[in-house]
Amino acid sequence: MKEFYFDSYYQGEYLNGKRNGLWKDYDKKDGTLIREKEYLYGEYHGKSKNYYKNWTLSIDIEYLNGEKKAWKEYYPNGNLAYEIEFNDKEGFGKS
């Protein structure tokens, strides 16, 4: 199924009316992959990845049952800019 939002569209599957599995967000103008998100019964679960236009990873977030567990952000050249690990809904920086 495709859903359109402003300058992008999402593609993924529903299970019992809720997003489930891998969903991908594409730029409507050129079809470039912008983001990937994993869902489990409508909640974020697994990886969420955002990409720069050059297809390198921009942001990598890990979720467990809807809660953020880790966040990594990258420079356009692919080098890690910073990393945050979450513990009980509060973030703690890690270099």
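A short reminder: the numbers here are calculations on the coordinates, not readings from a lab. Source: prediction; values computed, not measured. Reconstructed Cβ throughout: ideal geometry from the backbone, glycine too, with neighbour counts over all protein chains shown.
Some points to look at:
- Neighbour counts of other Cβ atoms within 10 Å put TYR14, TYR9 in the fewest-to-most order TYR14, TYR9.
- Over all other residues within a Cβ to Cβ distance under 13 Å of THR32, the charged ones net out to 0, with Lys and Arg as +1 and Asp and Glu as -1.
- Stokes-Einstein D for the range 2-94, Kirkwood Rh over Cα pairs, 20 °C, 1.002 mPa s (µm²/s): 153 µm²/s
- Each other residue within a Cβ distance under 9 Å of GLU62 adds +1 if Lys or Arg and -1 if Asp or Glu, for a net charge of +3.
- A run of the chain free of exposed loop cleavage sites, with trypsin sites (Lys or Arg not before Pro) counted only in DSSP states other than H, G, I, E and B and at most 15 other beta carbons within 10 Å, reaches its longest extent at 54-88.
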